[in-house]
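Below: one structure, written as structure tokens.
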Amino acid sequence: MLRRSIYKTPAQLRAMVEPGLITAAALDAVRALVAPGVTTGALDAAASEAIVSRGARSNFQLVRGYRHTICASVNEQVVHGIPGDRMLEPGDIVSIDCGAEYKGWNGDSAFTVVVPDPSRPELVAQRERLSEVTRGSLWAGIAALASASHLGQVGAAIQDYIEANAPEGGYGILRDYVGHGIGRKMHESPSIFNYRTPEPGAEVRPGLAVAIEPMVVAGDQATFTEDDDWTVSTLDGSSGSHWEHSVAVHDQGVWVLTAPDGGAAELARFGVTPQPIA
Ligand code: MG
Ligand code: MG
């Protein structure tokens with residue numbers, strides 16, 4: 001069997017713009033619904049409606065054994081939480097991961113949100129800081145990708161950002177779960193680590209399409225899989241956060257496929273201007 005190159009043609013990268021935008025629209029639909037009393041199953045239904053109504057399909061449902069459109073991970077759950085009848089409560093930190101496949105190409109993206117709780121400002125502030133640092137590390141990683149020679153520089157930038165911005169005691173970075181190439185399949189080679197590695201990693205050059213997704217916890221990085229065989233939770237019960245974007249590297253620069261502005265607003269503070277795929 002021929003091994004598919006990890007580098008895509010400009011036409012293939014262009015085909016990834018639409019599934020990226022559909023993924024972003026699905027996450028927007030979920031974000032608008034997040035409130036106390038809303039079930040994670042209702043969030044899943046909103047994402048499904050957003051994807052199907054745009055002529056796309058959920059790529060999470062193409063993962064063997066998974067029947068849902070999103071993963072919804074609450075509090076000590078970091079990733080792969082299964083949506084259902086759990087109701088969101090004030091103060092919950094919730095990570096939503098979603099992807100769409102359109103005309104044979106994939107998008108994959110995630111965000112974290114804290115449900116407002118005026119009665120527990122300290123808890124909310126702690127959890128919002130965790131989410132903000134995770135989000136910032138994702139954008140630091142994307143900014144690094146714009147000028148990197150090898151993918152290892154992305155992981156180093158993510159780790160450096162987290163270490164520079166975490167509160168005293170530090171945050172944990174999940175080691176067992178990493179980002180990935182994306183294209184015809186949601187999960188392709190190569191792996192994108194969220195931390196410094198001894199190996200330099202694959203060469204960064206035009207044609208690369210990757211999903212960068214730091215998974216960060218307020219305590220120790222050790223996790224376990226819950227009895228449902230999916231949900232990944234922290235062993236110490238500390239909160240988790242997960243942010244993700246799919247990003248293309250092309251002749252003119254980088255373009256964030258799962259952000260409607262290509263990442264322009266967020267990348268400005270890193271001095272990076274994303275370029276549309278010509
Ligand atoms: Mg994802
Ligand atoms: Mg992913």
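The values are calculated or read from the model by the stated rules, or taken from the named source; none is laboratory data. Predicted model only: the values in this text are computed from it and were never measured. Neighbour counts run over all protein chains shown; Cβ positions are idealised from the backbone, glycine included. For the accessible areas, the whole protein counts, side chains as well, though only heavy atoms, and no ligand, DNA or RNA atoms are used. Shrake-Rupley method; radii C 1.70, N 1.55, O 1.52, S 1.80 Å.
Assuming 1.567 mPa s and 4 °C, estimate D for region 10-270 with Stokes-Einstein, Rh taken as the Kirkwood radius over Cα pairs, in µm²/s. If you can, show how the numbers build up before the last one.
Numbers: Rh = 18.1 Å.
D, rounded to a whole number, is 72 µm²/s.
By a 1.4 Å probe calculation restricted to protein chains, Lys185 has an accessible surface near 120 Å², given to the nearest 10.
At a probe radius of 1.4 angstrom, the accessible area of the chain per residue rounds to 44 square angstrom.
Where nothing but the Cβ of Lys and Arg (+1) and of Asp and Glu (-1) is charged, how large is the charge dipole of the chain around its Cα centre, in debye to the nearest 20? Walk me through the numbers on the way to the answer.
Values: 21 positive and 33 negative charges, 246 e Å.
With only Lys, Arg, Asp and Glu charged at Cβ, the dipole is about 1180 debye.
If one computes P(r) from the Cα atoms of region 161-278, what percent of pairs lie at distances over 26 Å? In whole percent, the share of Cα-Cα pairs in region 161-278 beyond 26 Å is 29. Surface composition of the chain: carbon plus sulfur atoms hold 51% of the accessible area, using a 1.4 angstrom probe and ignoring ligands, DNA and RNA. Across all Cα pairs in region 213-278, the calculated P(r) in 10 Å bins from zero up to the longest distance comes to 20, 33, 19, 24, 4 percent per bin. Hydrodynamic radius of region 1-83 by the Kirkwood approach over all distinct alpha-carbon pairs: 14.4 Å. Each of Gly183, Gly262, Ala11 was scored by the projection of its Cα onto the charge dipole of the chain, and the greatest displacement toward the positive side belongs to Ala11; charges sit on the C-beta of Lys, Arg, Asp and Glu.
For Met186, no residue 5 or more places off, or on another chain, has a built amide H under 5 Å of its own. When His150, His68, His180 are compared by accessible area at a 1.4 angstrom probe, the order from most to least is His150, His68, His180.
Full extension from Arg196 to Gln275: what is 0.36 nm times the residue separation minus their Cα-Cα distance, to one decimal in nm? Walk me through the intermediate numbers first.
On the way: separation 79, 0.36 × 79 = 28.44 nm, distance 2.72 nm.
Once the chain is fully extended between Arg196 and Gln275, it gains 25.7 nm.
Among Ser149, Ser246, the order of accessible area from largest down is Ser149, Ser246, computed with a 1.4 Å probe on protein heavy atoms. Working note: Karplus 6.51/-1.76/1.60 with θ = phi - 60° gives region 248-264 the couplings 10, 10, 9, 4, 8, x, 10, 9, 7, 5, 9, 10, x, 9, x, x, 3 Hz, where Gly and Pro are set to x.
Within the shell defined by Cβ-Cβ distances under 11 Å, the residues around Ile212 carry a net charge of -3, with Lys and Arg each +1 and Asp and Glu each -1. Scalar couplings 3J(HN,Hα) for region 160-168, obtained by applying the Karplus form with A = 6.51, B = -1.76, C = 1.60 to θ = phi - 60°, are 4, 4, 5, 5, 6, 10, 6, x, 4 Hz; x denotes Gly and Pro.
For Trp255, the accessible area of its heavy atoms, probed at 1.4 Å with every protein chain present, is near 40 square angstrom.
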